[in-house]
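Read-outs: derived from the displayed coordinates by stated rules, not from any lab. Keep in mind it's a predicted model, so treat the numbers as computed, not measured. With ideal geometry, Cβ positions are generated from the backbone for all residues, glycine too; neighbour counts draw on all protein chains shown.
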Amino acid sequence: MDELIDQWKVQSKEQKDENNRFLKNVWTIPKAEFLPKLQETHQEAFQKIDCLSCANCCKTTPAIITKGDASRIAKHMNIAPKQFIRQYVIEDINGDMMLNGVPCRFLNEDNSCSIYDVRPEACRRYPHTDEAEYPNRTSLNLANTIVCPAAYYVVERLKTQFPTI
Ligand code: SF4
Ligand code: SF4
């Protein structure tokens, strides 16, 4: 498992151009053929890679947060949503809210999440490799291969399954 993470650190950057070409063409594969393979590969990736050995997303990428997330987490922390937003959230230039602090302030030393049960929806869904919209998200998918060994693994496996696109 650590071997896969070590490989990803080196190869995700080396493979970036090739993966970009592949991801740009994924939409051409019929969805009925592609989506079951995507699901299968996503599950395989997370059987092989343990997020607790990685946590790179939590260490490098501030999570987008919704008002619903903020209310849920604030309730869990027993503070008012406004206080939570004041202490833990910043707005980007587009007005999107995200958790402040990198690595994430909710990341524990053992790579676990201290608010796991109520974590933001964006954290729950990351790296989006089991979602039906995957074929239409070239830039996001490519960026995720650099941040996330599981997202990289998914692309590498898909390339072997759809070698002609
Ligand atoms: S970067 Fe990917 S593999 Fe690593 S902790 Fe996040 S979701 Fe898991
Ligand atoms: S809230 Fe939890 S899962 Fe989300 S980035 Fe922070 S530590 Fe990671």
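Data for the structure
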{"quantity": "Over the stretch 64-125, relative contact order from alpha-carbon pairs under 8 Å, at least 6 apart, %", "calculated": "39 percent"}
{"quantity": "Residue-averaged 222 nm ellipticity for the chain, from DSSP H runs of 4+ at -39500 (n - 2.57), nearest 500", "calculated": "-16500 deg cm²/dmol"}
{"quantity": "GNM top mover of 32, 151, 122 - the chain, alpha-carbon springs below 10 Å", "calculated": "32"}
{"quantity": "Phi to ³J(HN,Hα) by Karplus 6.51 cos²θ - 1.76 cosθ + 1.60 over the stretch 58-69, Hz, x for Gly, Pro", "calculated": "5, 7, 10, 10, x, 7, 5, 9, 9, 4, x, 4"}
{"quantity": "Simple Cβ-charge dipole of the stretch 64-125, Lys/Arg +1 and Asp/Glu -1, about Cα centre, in debye nearest 20", "calculated": "260 debye"}
{"quantity": "Positive dipole terminus of the stretch 55-165, leading residue within 148, 78, 100 (C-beta point charges)", "calculated": "78"}
{"quantity": "Cα-based helix-to-principal-axis angle, 31-48 vs the chain, degrees rounded to 10", "calculated": "60 degrees"}
